[in-house]
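Just below is one structure, and these are the notes that go with it.
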Amino acid sequence: MRGVTIPATVVVTPPPQRPVRAFARWVAQSTPPGADVLNIGGGCNRSGALPGVRRRAGRVVSVDPSARVDLDTVADERHRMTLEQFAPDHPESFDVAFAVYVLEHVADPAAFAEAAARVLRPGGCLLALTLNRWHYFGLTTWATSRLGVDEWLLRRVRDPEVVQEYHVPTEYRMNSIGSVAHRLEDAGFSRVELRMWDLPRLYEPYLPPPLKGVATAWNRAAYTLDHPALMGHLMLRAER
């Protein structure tokens, strides 16, 4: 992370067998009792019921540009807009903000990071779960999106109904160790912790049958080398 001065901790961790649930526990642990919590991208329902967060939070607000945000039954308030649109009218309104599989879709990392910092009170924190751009899966997705063939390829490796329901265009501009630390530092966050891990079964559904073994082989190599940048996923916690 050359040129990055924000205090950063980067560690390799064992893969959680239920990634979203494990991330939700981290969010709950970071949520003070009675806190105001913002779920960024909550309309896609990737974060689930969040019982631990819900028990600790005094208020949960969900923001998402998709109409599916209206179906988020966990939230006390729902806003159909992007974080960047929401932030100007809600400065220093939240103690915790979190995003589940959102950072890989961010087109303007600087604007997103600044908006996240803006909605948080001093001492608040941002948490996120995303894919790592430098993993083979991330690099393939990044390359195919730049070539404009990501949708074409995705429809050939996944069920069309799955693609229609869940796929959102990816950008891969804010989901690597360096890009995350750099953008958060510029936005005014004081420190960041990144937890890196790899779980083959998350990538295997996107691989053609002859390449299924790549996921397991890569996983073994990544953990043998203990190299954070080789891991398929990253989770972060950044303090305002």
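Here are a few things to note about the model shown:
- Among the residues listed as 107, 117, 128, the single one being of a type outside the set (Val, Ile, Thr) and either touching a Ser or Thr at 6+ places or on another chain (Cβ under 9 Å) or surrounded by fewer than 19 Cβ atoms within 10 Å (Cβ to Cβ) (or both): 107
- Of all residues in the stretch 5-14, those being surrounded by 11 or more Cβ atoms within 10 Å (Cβ to Cβ) and in contact with a helix residue (DSSP H, G or I) (Cβ under 8 Å, 6 or more places away or on another chain) number 5.
- Flag for residue 28 being free of Cβ contacts under 8 Å to residues at least 60 places away in the same chain and within 30 Å of residue 219 (Cα to Cα): yes
Matching residues to (1) at pLDDT 95 or above; (2) touching a helix residue (DSSP H, G or I) at 6+ places or on another chain (Cβ under 7 Å); (3) part of a strand (DSSP E or B):
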site	(1), (2), (3)
59	yes, no, yes
98	yes, yes, yes
124	yes, no, yes
130	yes, yes, yes
133	no, yes, no
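- Residue match in the stretch 40-55 (condition: surrounded by 18 or more Cβ atoms within 10 Å (Cβ to Cβ), assigned to a loop (DSSP other than H, G, I, E, B), among the hydrophobic types (A, V, I, L, M, F, W, C) and touching a Leu at 6+ places or on another chain (Cβ under 7 Å)): no
- Hits in the stretch 171-193 (condition: under 15 Å from residue 138 (Cβ atoms) and surrounded by 21 or more Cβ atoms within 10 Å (Cβ to Cβ)): 172, 174, 175, 176, 177, 180
- Any hit, the stretch 66-78, residues being at pLDDT 95 or above and under 11 Å from residue 43 (Cα atoms): yes
The values are calculated or read from the model by the stated rules, or taken from the named source; none is laboratory data. Everything numeric here is computed off the predicted structure, so don't read it as measured data. We place every Cβ from the backbone using ideal geometry, glycine too, and count neighbours over all the protein chains shown.
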